[in-house]
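Here, each number is a calculation from the coordinates, and none is a lab measurement. These figures come from a predicted structure and were not determined experimentally. Cβ placement follows ideal geometry from the backbone for every residue including glycine, while neighbour counts extend to all protein chains displayed.
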Amino acid sequence: MAEAVLEIHAVTKRFGEFAAVDGVSFSVERGTIHAVIGPNGAGKSTLLNLLAGELPASLGRMVFRGQDITEATADRRSRLGIGRTYQSPNTFPGLTCAECLWLAVQSRSPMRFFGSPPNEARVESALQSCGLLARAASPAQELSYGEQRQLEMGMVLALEPSLLLLDEPLAGLGHDEALELVDLLRKIARKRTLVLVEHDMDAVFALADAVTVLVGGRVLVTGTPGEIRNSAEVRDVYLGEELS
Ligand code: ADP
Ligand code: MG
């Protein structure tokens, strides 16, 4: 039976008088990729910030695996198993891939305050999980943009999240890099639940199990990719854009 990992109940975020996210409700089922799409300024990144606990909600309620997290800090949510990536990749440019991943692995270790030696096996498995084994010794700043995204993904995965919030992971990638990341996302999704904010419609329709369309901070519709593709309302919003 479908089980909601994340329930979003009438969540609102106001900046002054302006509601960037306005009474948003939807549920994310365990083991699915739930895409959130919508025009620029629709409130997608703000919604991810609310879900990650980086911004407090003005109104509404968020429930993660049955637990009310509305008031939980970002750190608490991360410890509960919510990971996130940003619109521009967040790594340590001066460090190698292995070092970045070591730091990420270490941040979850109960021994982190005692200078325990690096856990080579976990770093290697993290390198493998983001497809950067061959780049272990390369400084993050020398990576291609696509590889930086992979590294950021690896750093988040090292925290062993069960729910991953991704903000436009394909933005700025070339065609081949995007295909590679779509593959990686598919692999990542085998064992996790993903909320995927994405502009690339081909990727959304290829990956998503469910799609929520945000417009002006509100949910226009939530449905299967097929329902979204065939929705006249959605077509109106994306007028001029190709919904292939
Ligand atoms: P999206 O990610 O869908 O493009 P955002 O969530 O970034 O949209 O932004 C939604 C709206 O909220 C935009 O109009 C943006 O200008 C506004 N906004 C976002 N963050 C802030 C903020 N910190 N203060 C004021 N307005 C903001
Ligand atoms: Mg955004």
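What is the gain in length, in nm to one decimal, between residue 206 and residue 136 on full extension, counting 0.36 nm per residue of separation less the C-alpha to C-alpha distance? Don't jump to the answer; show the numbers that get you there.
Details: separation 70, 0.36 × 70 = 25.20 nm, distance 3.01 nm.
Between residue 206 and residue 136, full extension yields an extra 22.2 nm.
Indicate the gyration tensor shape class of segment 18-64 (rounded, prolate or oblate), computed on the Cα atoms with a ≥ b ≥ c the square roots of the eigenvalues: a/c under 1.5 is rounded; otherwise a/b larger than b/c is prolate and the rest oblate.
Working: a/c = 1.84, a/b = 1.21, b/c = 1.51.
Oblate, since a/c reaches 1.5 and b/c is not below a/b.
Would you mind checking which residues have amide H under 5 Å from residue 219's amide H? H placed 1.01 Å from N; only 5 or more apart, or other chain.
25
Do the sum for the chain: with -39,500 (n - 2.57) for every DSSP H run of n ≥ 4, divided by all residues, what is the mean residue ellipticity at 222 nm, to the nearest 500 deg cm²/dmol? Each step should come with its number before you reach the end.
Details: 9 runs with 83 residues, N = 244.
Per the formula, -9500 deg cm²/dmol.
How large, in Å, is segment 2-126 by the Kirkwood hydrodynamic radius built from its alpha-carbon pairs? Working shown, then result.
On the way: mean 1/r = 0.0601 Å⁻¹.
So the Kirkwood estimate lands at 16.6 Å.
Report Rg/Rh for segment 135-214, rounded to two decimals, where Rg is the Cα radius of gyration and Rh the Kirkwood radius.
Working: Rg = 12.7 Å, Rh = 13.3 Å.
Here Rg/Rh amounts to 0.96.
May I ask you to derive the FRET efficiency for residue 71 and residue 176 from their Cβ-Cβ distance with R0 = 30 Å, giving the value to the nearest 0.05? Can you show the working numbers first?
Working: r = 43 Å, r/R0 = 1.44.
Rounded to the nearest 0.05, the efficiency is 0.10.
With the dipole of the chain worked out from charges on the C-beta (+1 for Lys and Arg, -1 for Asp and Glu) around the Cα centre, which of 88, 125, 36 lies farthest toward the positive end?
In the chain, that residue is 125.
Among the aspartates and glutamates, which fall within straight-line cross-link reach of residue 44, defined as a Cα-Cα distance under 12 Å, with same-chain neighbours fewer than 8 residues apart omitted?
22, 167, 168, 198
On the first, second and third principal axes, largest extent first, how far apart are the outermost C-alpha atoms of the chain in Å?
Principal axes ranked by extent give 54, 40, 40 Å for the Cα atoms.
Want the number for residue 186 to residue 221: 0.36 nm per residue separation, take away the alpha-carbon distance, what's left? Walk me through the numbers on the way to the answer.
Details: separation 35, 0.36 × 35 = 12.60 nm, distance 2.41 nm.
Length gained between residue 186 and residue 221: 10.2 nm.
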